[in-house]
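All remarks here apply to the structure that follows.
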Amino acid sequence: MGPPPTAGGGTLLNLGGGGFESGGGFVTAGGDAGGAGGGTSAAGGSASAGGSAQGGGAASSGGVAGGGRVGGGSVGGGSTAGGSTAGGAASCGTPGATRSEEVCRRWRCDRASRSEGTWNGNVTGCMAGMLDPAAAQNALRLLNLYRFIADLPAVTLDATKSQAAQECALMMDANNALSHTPPTNWLCYTANGATAAGRSNISTGRAVVSIDMYMSDYGNATTIGHRRWFLSNSLGPVGIGGTTGASCHHVIGGTGAANKPWMAWPPQGPVPLEAIAIPGQPSIDSTGWTVQSSSSAYNLTNATVTVTDNGTNKPVTTTTLGQNYGSTYAIRFNPMGWTTQAGHSYQVSVTGPSLTTPITYTVDVVACP
């Protein structure tokens, strides 16, 4: 079965497994010139908005009709409690006294404006124009919100990358198609936009709504690559471009240095329930909780996961994900017969034959009024 309709519509098409933070190349035809160890990787899964989806399949041409498809790339982002210039929290009240209160304040505040704004370009005349600056900040703020919840640093916009992403978005819109390697005979083709297409998440959804889509990451069961790039240590600065019919988020080649030994989503500590059951998107419970790392000490290959809630075992299925999508290693695990509930604390333990030290953390799910 395909995913339910989303707020912005769309399906996801993942990038290949390169562009990895340890110096991998950028995207080639369906894959990325390999990460740390080279090699290539086929594109990840896709799904039409109401059609069928295969986690490792290619995007179907009918996906656009459902409201758009999202193409993988590398995504990163970061967020601290930082200011609006970095896409951080707008001024909307006194910071919370506790981490839980601040997470909820940021969730309410940073999602208060999700306007897509007005695009001043034109497809017919191949005018890339500009994404409304307010829309670019709204998209960046959402990206940084997720990073903040994950205790990762904020990222900023890069004007040069954003211009390339804008030309990328124009090409996707003009051709009513998605490609990380657009051919030179495409309408509105530019070399700058084509380069950005190979280094971006690409979507027939608009720039702001696509952020939530990437975090849910439906249809990429073998990689969860978009989310992993959002949570990458190396993300940022980023470029964001968009039209009324497509968007590109330039994420590969970042210079971030968060140096987290591992990262999970949902992460340790207080997490709004709606950051798991993302409004308008398939829940993280259905697409999978994830743990990722680029440290050899935290090689997650063939790892297993145990989840308990107040001492009660909560069964999950665990899958090793493809390497070098924003991190060297990653796993996903899906709840079996249960769904995440606010007011519960889930203790997660990850063990495996290649893990030097087991990973343990607790997700405290909160209801944000």
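Quick notes on this structure:
- Among the candidates SER345, SER327, SER349, the residue that is within 22 Å of the chain's Cα centre (by Cα) and polar (S, T, N, Q) is uniquely SER327.
- Yes/no for THR320 being open to solvent by 20 Å² or more (accessible area, probe 1.4 Å), of a type outside the set (Phe, Trp, Tyr), over 27 Å from SER100 (Cα atoms) and modelled with pLDDT under 95: no
- Total residues in the stretch 164-203, condition open to solvent by less than 40 Å² (accessible area, probe 1.4 Å) and either of a type in the set (Val, Ile, Thr) or in contact (Cβ under 8 Å) with a residue 24 or more places away in the chain (or both): 25
- Residue list for the stretch 247-305, restricted to those being in a loop (DSSP other than H, G, I, E, B), β-branched (Val, Ile, Thr) and either without any contact (Cβ under 8 Å) to a residue 12 or more places away in the chain or open to solvent by less than 40 Å² (accessible area, probe 1.4 Å) (or both): VAL251, ILE252, ILE276, ILE278
- Residues in the stretch 345-369 that are within 30 Å of ARG111 (Cα to Cα) and either in contact (Cβ under 8 Å) with a residue 40 or more places away in the chain or crowded, with 16+ Cβ neighbours inside 10 Å (or both): 12 in all.
- Hits in the stretch 204-233 - residues which are over 18 Å from ILE284 (Cβ atoms) and open to solvent by 10 Å² or more (accessible area, probe 1.4 Å): THR204, ARG206, ASN233
- If you filter the stretch 144-163 down to residues that are in a loop (DSSP other than H, G, I, E, B) and out of contact with any Lys or Arg (no Cβ under 9 Å at 6 or more places or on another chain), you find that the one that is surrounded by the most Cβ atoms within 10 Å (Cβ to Cβ) is ASP158.
The values are calculated or read from the model by the stated rules, or taken from the named source; none is laboratory data. Values in this document were obtained by computation on a predicted structure and should not be read as measured data. All Cβ positions, even for glycine, are placed from backbone atoms using ideal geometry, and neighbour counts span all protein chains on display. Surface accessibility is based on the protein's heavy atoms, side chains included, excluding ligands, DNA and RNA. Shrake-Rupley method; radii C 1.70, N 1.55, O 1.52, S 1.80 Å.
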